[in-house]
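The values are calculated or read from the model by the stated rules, or taken from the named source; none is laboratory data. Since the structure is predicted, the reported quantities are computational estimates derived from the model, not experimental observations. Counting neighbours? That spans all protein chains shown, and the Cβs are built from the backbone with ideal geometry, glycine included.
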Amino acid sequence: MIQLFNVGKSYGGVAPALIDITFSVKKGEFIFLTGPSGAGKTTLLKILYRTEKYDQGQVLVHGMNIGKIPDRKLYTLRREIGFVFQDYKLLAKKNVFENVAFAQEVIGANKKRIRFKTWEALKNVGLTHKKDSYPQQLSGGEQQRVAIARALVNSPKIILADEPTGNLDPEISIEILKLFEHAKKAGVTVVFATHDQDMIRSRNHRVVVIKRGQLVNP
Amino acid sequence: MTTSAHNTYSNIKSNLQVFLVSVATITVAFSILGLFLVIFVNLNSFLTTWSEKVQLVVYLEDEITDGQKQSLEQLISANSDVESMTFISKDAAWANFKNTFSSTKSDFIDDLKYNPLPSSYNLKFKPSSDRFVRIREFADLFKRRQGVESVEYGETWLGAFEKFMLFIRIFLLAVGGLLGLGLILIISNTIKLSFYARQEEIELMLLIGATPNFVRVPFMIEGMFQGLLGGIFALALIKSLQLYIKVQFQGSLQSIARGMEFQFISQPLILGLLASALFIGWVGSFIAIQKFLSSGNTK
Ligand SMILES: Nc1ncnc2c1ncn2[C@@H]1O[C@H](COP(=O)(O)OP(=O)(O)O)[C@@H](O)[C@H]1O
Ligand SMILES: [Mg+2]
């Protein structure tokens, strides 16, 4: 459950990045977050992940007021959420398996569990055959799959995905979308940011639209 | 714990040169400090051996009564620091004196019609580190007693000795403190470099749910490991130097003072040195990481 109440955020520029945003996402729901480039989608996701602070309003994630979490406790929030970054953020020096396993390592899982969970996550995104490859040896779609596997490997309750299909061909985009829908079926709450209107129309998920930092009716 | 150790290992490996330079610097700094300590320890034991001969002599007035004498003897036997007491009567003192100067026999001594020397108690003290302070306190007690003419315990010499050792102590502390401060800066710098070499990875760690401690611990271990290695190398260096000096100069040392030996720093000092090396490594890396964590957590 994600709840935003009158959230406002300014980077100090002429216009605020977000103005008076109020909406909520139910547990296990899949929503598209859309709007033109520069509308504030990334900013909104960053606020939910607390990599960006907000100036006004309140944000509750699982009832937890995330503005009140001290920096040293941020990991508790981050462990609830799998984040798929727009730029993947894969480590070039680690291979596919190690990149996914990394998310398990940093939360202190034991070796046996790391191997099992990583294998399972790679299987879910269909990349077990590439486990020894390095990121630069992969296509954009494959890199995105690795990033998704890493976001899912710790079994988060929420997935935030920032334009995960932004740079991908339509067919591959649908394959990627299906991975998130698969996670939704397993009970994960998904917020999927995209400006791909064809993709949005092809599905029945709820759509949240922002323009110039404000919610608008779809 | 095993992942921390593994992370420390890969931190060091990815930045081996910086690590080695840092360890070498720590080794040099601790060698300097250790060398001063060895000199101090030996100077201290040398001077202590010499000062073993320090005695407290209580000179008595000629008119002293038996009662006053008795009360003085009681005072002496009540002090557990006193190892032995010898009473030297006027006559014995005079005989002694004449004996000592018999070779330079002067008419002046023979011409004296009376014995000018006082009788005295000669006190030897048990060895202890604060012996001088106790001798002084005890001497002050006698000064005020009736029947005592004067006391003597080489106070000027003792005072100079004490002041000198105090000076050396302060000097060592200052040098140690400055070196420690310098080392903290060096270590924190090394850790910072080690950090920057893996910045992308560390930022990602924090981003995907690592606790600050998970990030911190491998670097703390690295810092402490650096300190410890430097400390151990420095001790090995000083030890070999000490062995060399011992082999080369033991003979001439023995001729200065019998039973003297060129010593290495004591076990507690060794442990103290290693502990401070660890501590310095801990502080150095803590400072480096704290800066990073407080600036980089939300980005
Ligand atoms: N770090 C930043 N500093 C200053 N302005 C920013 C920053 N990030 C985003 N913005 C501005 O905030 C607005 C929303 O950006 P963003 O959230 O990235 O939009 P979207 O993801 O929908 O394209 C834009 O006008 C953008 O220029
Ligand atoms: Mg964006």
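Among the residues of segment A:86-112, which ones are polar (S, T, N, Q), within 11 Å of chain B (Cβ to nearest Cβ) and crowded, with 16+ Cβ neighbours inside 10 Å?
A:ASN99, A:GLN104
Looking at the structure I just gave you, is A:ASP132 outside any helix (DSSP H, G or I) and either more than 16 Å from ligand 1 (Cβ to nearest atom) or modelled with pLDDT of 95 or more (or both)?
yes
Consider only pairs whose beta carbons are under 8 Å apart and that are at least six residues apart or on different chains; among these, list those whose first residue lies in segment A:24-40 and is over 15 Å from A:VAL216 (Cα atoms) and whose second residue is among the polar types (S, T, N, Q) and within 13 Å of ligand 1 (Cβ to nearest atom).
Qualifying pairs under 8 Å: none.
Quick one: how many residues across segment A:170-214 are among the charged types (D, E, K, R) and either out of contact with any strand residue (DSSP E or B) (no Cβ under 8 Å at 6 or more places or on another chain) or within 16 Å of ligand 2 (Cβ to nearest atom) (or both)?
As a first pass, look at segment A:170-214 and keep what is among the charged types (D, E, K, R): A:171, A:175, A:178, A:181, A:184-185, A:196, A:198, A:201, A:203, A:206, A:211-212.
Still in the running and either out of contact with any strand residue (DSSP E or B) (no Cβ under 8 Å at 6 or more places or on another chain) or within 16 Å of ligand 2 (Cβ to nearest atom) (or both): A:171, A:175, A:178, A:185, A:196, A:198, A:201, A:211-212.
Residues flagged as among the charged types (D, E, K, R) and either out of contact with any strand residue (DSSP E or B) (no Cβ under 8 Å at 6 or more places or on another chain) or within 16 Å of ligand 2 (Cβ to nearest atom) (or both) within segment A:170-214 amount to 9.
May I ask you to list the residues in segment A:78-123 that are assigned to a loop (DSSP other than H, G, I, E, B) and within 19 Å of the chain's Cα centre (by Cα)?
Selection gives A:ARG79, A:GLU80, A:PHE85, A:GLN86, A:ASP87, A:TYR88, A:LYS89, A:LEU90, A:LEU91, A:ILE107.
Taking A:ARG72 as the residue in question, decide whether it is out of contact with any strand residue (DSSP E or B) (no Cβ under 8 Å at 6 or more places or on another chain), closer than 22 Å to A:PHE192 by Cβ and within 14 Å of chain B (Cβ to nearest Cβ). Don't jump to the end; show me each part of the working.
Numbers: out of contact with any strand residue (DSSP E or B) (no Cβ under 8 Å at 6 or more places or on another chain): yes; closer than 22 Å to A:PHE192 by Cβ: no; within 14 Å of chain B (Cβ to nearest Cβ): yes.
No; evaluated as a whole, the condition is false for this residue.
Output the number of the condition that A:PRO16 fails; it satisfies all remaining conditions of (1) part of a loop (DSSP other than H, G, I, E, B); (2) more than 14 Å from ligand 2 (Cβ to nearest atom); (3) surrounded by fewer than 16 Cβ atoms within 10 Å (Cβ to Cβ); (4) touching a residue at least 60 places away in the same chain (Cβ under 8 Å).
(3) is the only condition that A:PRO16 fails.
Suppose the filter is buried (at least 16 other Cβ atoms within 10 Å of the Cβ), away from chain B (no Cβ under 14 Å) and over 23 Å from A:HIS205 (Cα atoms); does A:VAL59 pass it?
It is false that A:VAL59 is buried (at least 16 other Cβ atoms within 10 Å of the Cβ), away from chain B (no Cβ under 14 Å) and over 23 Å from A:HIS205 (Cα atoms).
Check A:TYR11 against each of (1) closer than 27 Å to B:GLU200 by Cα; (2) away from ligand 2 (no atom under 16 Å from the Cβ) and name the one condition it does not meet.
(2)
Suppose we filter segment A:135-169 for residues that are in contact (Cβ under 8 Å) with a residue 40 or more places away in the chain and more than 16 Å from ligand 2 (Cβ to nearest atom); how many remain?
16
Tell me which of these A:ILE159 doesn't satisfy, since it passes every other one: (1) away from ligand 1 (no atom under 16 Å from the Cβ); (2) assigned to a helix (DSSP H, G or I); (3) aliphatic (A, V, I, L, M); (4) within 14 Å of the chain's Cα centre (by Cα).
(2)
When only residues in segment B:190-213 that are buried (at least 16 other Cβ atoms within 10 Å of the Cβ) and polar (S, T, N, Q) count, which is farthest from the other protein chains (Cβ to nearest Cβ)?
So the residue we want is B:THR190.
Would you mind telling me which numbered condition in (1) within 11 Å of chain B (Cβ to nearest Cβ); (2) in contact with a strand residue (DSSP E or B) (Cβ under 6 Å, 6 or more places away or on another chain); (3) without any contact (Cβ under 8 Å) to a residue 60 or more places away in the chain A:ILE66 fails?
(1)
Return the total of residues in segment B:261-290 being without any contact (Cβ under 8 Å) to a residue 24 or more places away in the chain and farther than 20 Å from B:ILE39 by Cα. I'd like the intermediate steps shown before the answer.
Looking only at segment B:261-290, we keep the residues that are without any contact (Cβ under 8 Å) to a residue 24 or more places away in the chain, and these are B:261, B:267-268, B:271-272, B:275, B:290.
Filter once more, keeping what is farther than 20 Å from B:ILE39 by Cα: B:275, B:290.
The total comes to 2.
Could you list, in sequence order, all residues of segment A:188-218 that are over 15 Å from the mean Cα position of the chain (by Cα) and more than 15 Å from ligand 1 (Cβ to nearest atom)?
Hits for segment A:188-218 are A:ASP198, A:MET199, A:ARG201, A:SER202, A:ARG203, A:ASN204, A:HIS205, A:ARG206, A:ASN217, A:PRO218.
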